[in-house]
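J.: Supplied in structure tokens, the structure appears directly below.
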Amino acid sequence: MRVLIKKLFKLILVLGFGFGLWYVYDRFFVQAYSRGELDVLLGEEPAIEVNTVLLESFDESGRKKLEIYGRKATVAEKDKTIHLKPMTIILYEEGLAGTLMLAKQGMRKEGRPEYYELEGMVEVTSRDGRKLFTQKLIYYPRLDKIVSPGEFKLIDGAHIVEGDYLEYFMNLEKGEIRGNVRMRFHEKAEVVDSEKEFGLSGVEL
């Protein structure tokens, strides 16, 4: 009897986890993997943890729009969030991989509008090679907007721009920089390439 109850409990956990991910990510195709049994984190806000998770979003024509990957994921059903460590986001343009976002950790928060928050050694690379480094980045998919609320470094060709705040609409290619702004220009490509190997304040990514 105990064995039957234990098996039934595991089945409920698996079904609950699958439903939880689908409910939180109602527009995503979800693949979740775990090396062992699912870990249930019991506390004030119960959550479920897995080792690897991949989420994919598609448009109405079936082309991929967004892909999210994390080696460790925690799903909290109560506040409709999922936390990933590390966090990788790939934005697709017309079915082809475009912008790449990397961070030590991140989360997706359901809301109006929904948003993704990336933290720790954040690096964004666009399809045309532009790079953005910051410690915290907020991405609003419906607005196609990114916000760096703190210090950032932007490398565009031979131009290097550093500032305290960045707000940028990717589809419009328009943005706003606030605070202390520092602009540099290097004619030598190798100097710019060396800058790309480092994030903020000379911290290697």
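J.: Assuming 0.36 nm per residue, please report the length gained on full extension of the stretch T52 to E119 beyond their Cα-Cα distance.
T.: Fully extending the segment from T52 to E119 adds 22.2 nm.
J.: Now a separate question. So between H159 and K104, what do we pick up on full extension, going 0.36 nm a residue minus the alpha carbon distance?
T.: Separation in residues times 0.36 nm, less the Cα-Cα distance, equals 17.2 nm.
J.: Ranking M121, M87, M183, M101 by Cβ neighbours within 10 Å, fewest first, what do you get? List each step's numbers first, then the result.
T.: On the way: M121 18, M87 27, M183 11, M101 21.
Neighbour counts put them in this order, fewest first: M183, M121, M101, M87.
Only the coordinates and a few stated rules stand behind these numbers; no lab work does. Because the structure is predicted, anything quoted here is derived from the model rather than measured. Glycine gets a Cβ as well: all are built from the backbone with ideal geometry, and neighbour counts include every protein chain shown.
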